[in-house]
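Where a number appears in this text, it was derived from the coordinates with a stated rule and is not lab data. Computed from a predicted structure; not experimentally measured. So basically every Cβ, Gly included, is an ideal-geometry build from the backbone, and we count neighbours across all protein chains shown.
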Amino acid sequence: MDAADALILARTQFGLNIAFHILFPSLTIALAWFLVYFRVRYERTRDPAWLATYRLWIKVFALSFAMGVVSGIVMSFQFGTNWPGFMNTVGNIAGPLLAYEVLTAFFLEATFLGIMLFGMNRVPSWLHILSTVIVAIGTSLSAFWILALNSWMHTPVGHVMADGQIIAGDWLQVIFNPSFPYRFTHMMLASGLTASFVIAGLSAWRLLKVPDDASALKTLRAGVLVAAVLAPLQIFVGDLHGLNTLEHQPAKIAAIEGIWKTEKGAPLVLFAVPNEQERRNDYAIEIPKGAALVLKHDPDAELLGLDEFEPDRPPVAPLFYGFRLMVGIGVGMLLLAWFGAWRLRRGGPLPRALLWTFAAFTFSGWIATLAGWLVTEIGRQPWLVTGILRTADAVGHVSGAELGASLTGYVLTYSLMLLAYFVVLTHMAGKGAVTEAAS
């Protein structure tokens, strides 16, 4: 097995690990703020349904948080086993940012998580509510630092060379690099939509079994209304993020849009089969001048094609299909959330077909997040840190056989863990909040 195969296996293994890990923070970041809302609602109304709701969803949060921590620890080890060149080259920047995440976010969560989980009847109400708020702040702070590092890897600024080492010349520039505001906002909204549809979907699953469950109806309403607000905001922020990417990573946009050659008035390709060998789009369905209009707000504007970036260009197919999957799911979430909000406003029992649809969309946020993550990370290739470190130069010396064996172990382990997670989650949702509160 040659070095190229080992590189592919190393990338696949790390990609699997981070894809599994990202599922859980993308849920818990926003779910923590939903818990704040549920807890405050109970404190203000003393309605037992809100107490039951809080007790159920805090268990979902704890389970998801634990899954994220376990997979995150494993992922951190892979920096040393699979990608030693990363820390050797940019460790003076990546190390402190990861340390800030642990010191300001993870320690904060770990300190107050115990009070949030077990202190409701042991500490004053104000302290329990404060602990829930602090845990929510901690999850958001964690996302802040991780996205700061990830964004810097895409659009690195603020660093200098000193004695052959890359160090931070200006930490504010490093943290608030050109893509960070868009990437962070996009991820926070993605987490809000993910949590909203998990809450709405599992609540709909409960209502299909027990249509008069008051707690499930409350959480369904909360999830749907939040999603109805966040979905259009996400589309707007996504457009801004795309324009920022066009400015700083035009090769990624060319691959997403399937623009093979630089041209004026490039069409918007709705669907096609990218042909990497022939450098063209087969079976294309296009809107004339649509890409130029969307990206430059000028139907006759010139857009750079992939031919401008050879040989340092990303693969087209994963970006092309991944982006369309993400956008398609996002539009579906928008339409379902708006229709659901309208139907809830009308009052009366919800149609079972609508409840089944929400149940089917329970994990739609995860699919959209994974699709967006693939577009973002594969679109940076062949660079690990754009313009500074190539992916091939950072890989370790672990053999292909060892990588293949460990990859197989990861696939089996994560598959079993994810299956167990789904079983436990649907079991808790099926029992419902009332049963949980009474237990």
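Rg/Rh for the stretch 80-129 to two decimals, with Rh computed the Kirkwood way over all alpha-carbon pairs. In the stretch 80-129, Rg relative to Rh is 1.31. Against the chain, whose longest principal axis is taken from its Cα atoms, helix 214-248 shows a tilt of about 20°. Going from the residue with the fewest nearby Cβ atoms within 10 Å to the one with the most, V36, V224, V74, V60 rank V74, V36, V60, V224. Toward the positive end of the charge dipole of the stretch 11-125, about the Cα centre and with charges on Cβ (Lys, Arg +1; Asp, Glu -1), which of F77, F112, G91 goes farthest? The residue sitting most towards the positive pole is F112. Measuring between their Cα centroids, the stretch 375-427 and the stretch 1-55 lie 18 Å from each other. Panel order for W342, W145, by other beta carbons found within 10 Å of each beta carbon, from fewest to most: W342, W145.
Can you pull the percent of Cα pairs in the stretch 199-263 with separation above 20 Å? Present the calculation step by step, with values, prior to reporting the outcome.
Values: 1117 of 2080 pairs.
Everything past 20 Å amounts to 54 percent.
At a 10 Å Cβ-Cβ cut-off, how would you order R279, R206, R55, fewest neighbours first? Numbers along the way, then the final one.
On the way: R279 14, R206 28, R55 18.
The order, fewest Cβ neighbours first, is R279, R55, R206.
Once you sort the root eigenvalues of the Cα gyration tensor of the stretch 97-227 as a ≥ b ≥ c, which label holds: rounded (a/c under 1.5), prolate (a/b larger than b/c) or oblate (the other case)? Since a/c reaches 1.5 but b/c is at least a/b, the shape of the stretch 97-227 is classed as oblate.
Counting only pairs 8 or more places apart or on different chains, how many lysine pairs in the chain have C-alpha atoms closer than 26 Å? Lysine pairs, 8 or more places apart or on different chains, close enough: 14. Principal-axis analysis of the Cα atoms of the chain puts helix 107-118 at an angle of about 20° to the longest axis.
Helix 84-101 and the longest principal axis of the C-alpha atoms of the chain enclose an angle of approximately 30°.
Oblate is the label for the stretch 300-439, because a/c, from the alpha-carbon gyration tensor with a ≥ b ≥ c as root eigenvalues, is 1.5 or above and a/b does not exceed b/c.
For the stretch 42-159, state what percent of all Cα-Cα pairs lands in each successive 10 Å bin, counting from 0 Å until the bin that includes the largest distance. Spelled out per bin, shortest first, that is 12, 36, 26, 16, 9, 1.
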